[in-house]
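These notes concern the structure reproduced below.
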Amino acid sequence: MTPRIRDATPGDWPTIWPILREVVVAADTFPYDPDMTEDEARAMWMVDSPGRTTVAVDGAEVAGTANMYANRAGPGALVASASFMVASAARGRGVGRALVEDALSWARAVGFSAMQFNAVAETNAAAVALYRSVGFEIVGTVPEAFDHPEHGLVGLHVMHLKLR
């Protein structure tokens, strides 16, 4: 079943927080502080308009979440960025793909010219493969920029997709 993607509401936070906590504490995909507090996580993840935060709903379960926004302010605001997190129990069920495709649709609809991911751990093979499958290219890799708990220092890819 393809999960349904909808805009997140403040009431969704209690179901988003465990997903964020699980992913961030694992420290193997996102360069976020594993000691981040719930308040810090909420302030970072629940972006205000014109950005957007979404949840992927599979039945009654929130299986994943995304946020999307302008990559930079001012002259760089024509390029979007986004982040995606999927609960470990929901991985491999199309949740990540549904979140990515929704974010790309949103970015096109609001007029962004491209989407860029600034820090994709090169060891995050599932994410790299997913992003490539929808057209993203690796435009550069910052060597030894991420301290992976198993692999030590690994690169962070910058990935880009032209939208128009």
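The values are calculated or read from the model by the stated rules, or taken from the named source; none is laboratory data. Note that the structure is predicted; figures quoted are calculated from it, not measured. Heads up, the Cβs are rebuilt from the backbone with ideal geometry, glycines too, and the neighbour counts pull from every protein chain shown. Just so you know, the surface numbers come from the protein's heavy atoms only, side chains and all, with ligands and any DNA or RNA stripped out. Shrake-Rupley method; radii C 1.70, N 1.55, O 1.52, S 1.80 Å.
Structure summary
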{"item": "Selected residue (criterion: least open to solvent (accessible area, probe 1.4 Å)) from residues of the range 45-76 that are touching a residue at least 12 places away in the same chain (Cβ under 8 Å) and farther than 19 Å from P3 by Cα", "result": "W45"}
{"item": "Output for the range 123-146, where each listed residue is more than 21 Å from V95 (Cβ to Cβ) and either in contact with a Phe, Trp or Tyr (Cβ under 8 Å, 6 or more places away or on another chain) or free of Cβ contacts under 8 Å to residues at least 12 places away in the same chain (or both)", "result": "E144"}
{"item": "Qualifying positions in the range 83-99 - touching a Phe, Trp or Tyr at 6+ places or on another chain (Cβ under 7 Å) and within 27 Å of E144 (Cβ to Cβ)", "result": "G96"}
{"item": "Subset of the range 2-26 that is among the small types (G, A, S) and surrounded by fewer than 17 Cβ atoms within 10 Å (Cβ to Cβ) - its residue that is farthest from N124 (Cα to Cα)", "result": "G11"}
{"item": "Residue list for the range 142-164, restricted to those being loosely packed, with under 15 Cβ neighbours inside 10 Å and assigned to a strand (DSSP E or B)", "result": "V142, P143, E144, D147, G152, L153, K162"}
{"item": "Qualifying positions in the range 105-115 - open to solvent by 10 Å² or more (accessible area, probe 1.4 Å) and either of a type in the set (D, E, K, R) or not in a loop (DSSP other than H, G, I, E, B) (or both)", "result": "S105, W106, R108, A109"}
